[in-house]
Ligand SMILES: [Zn+2]
Ligand SMILES: [Zn+2]
């Protein structure tokens, strides 16, 4: 038995969870969590409410709300939606209420202190309303890929743009073109650790797009990153005269603080020192656009902290589209978790989401296609498996070994490996096995459907509960 910590990148607390979130890190992490627990491992899955990014005060200001009160309410909405989707976190604290958050940020600042320097950096600022263009308040064109981006991290190419090379930077608050100016900031020279980080990544499986991204990013050994953003959102830190450290530096601290707070409340799960240790396996689930913060910056933080978990694995996802358009909380173009879970079976939502997960490229979600699929595919599968699990009928001989050697079962096992994890491949294997069983002799069905239920359980928790119940009856 091993210990695993699974992390999910925090959604911006400026709205509720929608299907785009579910199709990315949320469902994938929960599927791995259920699968690891079924194998007998000890697992903690954590997220936290990202209260320090400047999109939060921007949204709160637009709504005339207090940012802290608003983020607290969104955190409650998000955790309830996750629960409704069967995504079960062990901890999902707010950062503002968690005393361990600031402690964890300072812990990593201590770890990397040798690589920090106070320097003059170039930043955009609005000459009219004085907003700084670090993140939410400014938008222009990414100097790497040319797409519309803030100056913090590009959703198009996952690069950390170079502010002075960005074009058409405009103030989101008042629409005025922003101007370049300078300010003093703490700059982290993390590139000097890239050789060591690349050696760790080389031992891990990851999706091809992340591998290619890291090869390019880690070749820049003179890379540096300002970690304070005076005048913008972040955690004020005393050692920097109260200047705020930005949210993208603090994610690993957020996960660490969530684990620490959880174990204080639930000491039966073990001691923090046993969990946050090199013996624990860490798996991060993240949108590809968070690759720099997670797979580069947090990787270096971990290298500088030998008492914590080793550099982990990174399971990335691309964007889900809604009828060909982008999901957008701000435009209200979304299918909300609370709505779909009120209308459709949970297992159907999860299995369909996994089948269409945007793991390495954008995928499309359509409510009409989902409804058709429930009728044509989900309902027959659910009915056949339920009947097999609740019926006393047995095969003439035990065909389990034959089914376990079938192509779908082999593909399924490959997709559950940590280094090649894919909930989409798991879901496809379930559908392929169903198709094979239907064309096989009927006296092989009982063992086929039992294996199918076992394979489907991490994806379909309601079916998983039925399987557990049927096993209990067998024991009696
Ligand atoms: Zn302005
Ligand atoms: Zn870009």
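Here are some notes:
- Estimated FRET transfer efficiency when R0 is 30 angstrom, pair residue 239-residue 330 (beta carbons, to 0.05): 0.25
- Distance between the modelled labels on residue 391 and residue 376, one decimal in nanometres: 2.6 nm (7 Å Cα→Cβ projection).
- Three-way shape label, the chain, alpha-carbon gyration tensor, a/c 1.5: prolate
- Counting only DSSP H runs of at least 4 residues, each contributing -39500 (n - 2.57), and dividing by the residue count of the chain, the helix-based mean residue ellipticity at 222 nm comes to -12000 deg cm²/dmol.
- Between residue 271 and residue 68, the FRET efficiency estimated from the beta carbon spacing at R0 = 41 angstrom works out to 0.85.
- Segment 116-232: translational diffusion in µm²/s, Stokes-Einstein, Kirkwood Rh over Cα pairs, 20 °C, 1.002 mPa s: 140 µm²/s
- Three-way shape call for segment 301-423 based on the alpha-carbon gyration tensor, with the a/c threshold at 1.5: oblate
- Angle in degrees between helix 445-456 and the longest Cα principal axis of the chain, rounded to the nearest 10: 10 degrees
- Cα→Cβ-extended label distance, 7 Å offset, between residue 279 and residue 120, nm: 5.2 nm
- Based on C-alpha pairs under 8 angstrom that are at least 6 apart in sequence, the chain has a relative contact order of 17 percent.
- Cα gyration tensor category, rounded, prolate or oblate, for segment 154-301 with a/c compared to 1.5: oblate
- With Cα atoms, 0 to 90° folded angle of helix 208-217 axis to the chain main axis: 20 degrees
- For segment 1-81, alpha-carbon Rg relative to the globular expectation (2.2 N^0.38 Å, N residues): 1.30
- Rounded to 5, percent antiparallel among DSSP beta bridges of the chain: 55 percent
- Additional length obtainable on full extension of the chain from residue 77 to residue 61, 0.36 nm per residue less Cα span: 3.8 nm
- Estimated inter-spin distance, residue 164 and residue 414, nm [label 7 Å along Cα→Cβ]: 5.0 nm
- Relative contact order, whole percent, for segment 366-475 stands at 31, derived from Cα pairs under 8 Å and 6 or more residues apart.
- Gain in span if fully extended, residue 343 to residue 469, counting 0.36 nm per residue against the direct Cα distance: 42.8 nm
- Degrees, to the nearest 10: 251-265 long Cα axis against longest axis of the chain: 60 degrees
- Measuring nothing but how far apart in sequence close Cα pairs (under 8 Å, 6+ apart) lie, relative to its length, segment 230-351 scores a relative contact order of 18 percent.
- Exposure proxy shown here: for 350, 33, 184, the number of other Cβ atoms within 10 Å sets the order, fewest to most, as 184, 33, 350.
- Ratio of the Cα radius of gyration of segment 175-238 to 2.2 N^0.38 Å, where N counts its residues: 1.54
- The length gained by stretching the chain between residue 219 and residue 198 to full extension, at 0.36 nm per residue less their Cα-Cα distance, is 6.7 nm.
- As an equivalent ellipsoid, segment 42-173 spans semi-axes of 30, 21, 16 angstrom, where each value is the square root of five times an eigenvalue of the C-alpha gyration tensor, largest first.
No value in this document is a laboratory result; all are computed from the given coordinates. This structure is a prediction, so every number in the text was calculated from the model and none was measured. FYI the Cβ positions are ideal-geometry reconstructions off the backbone, even for glycines, and counts take in every protein chain you see.
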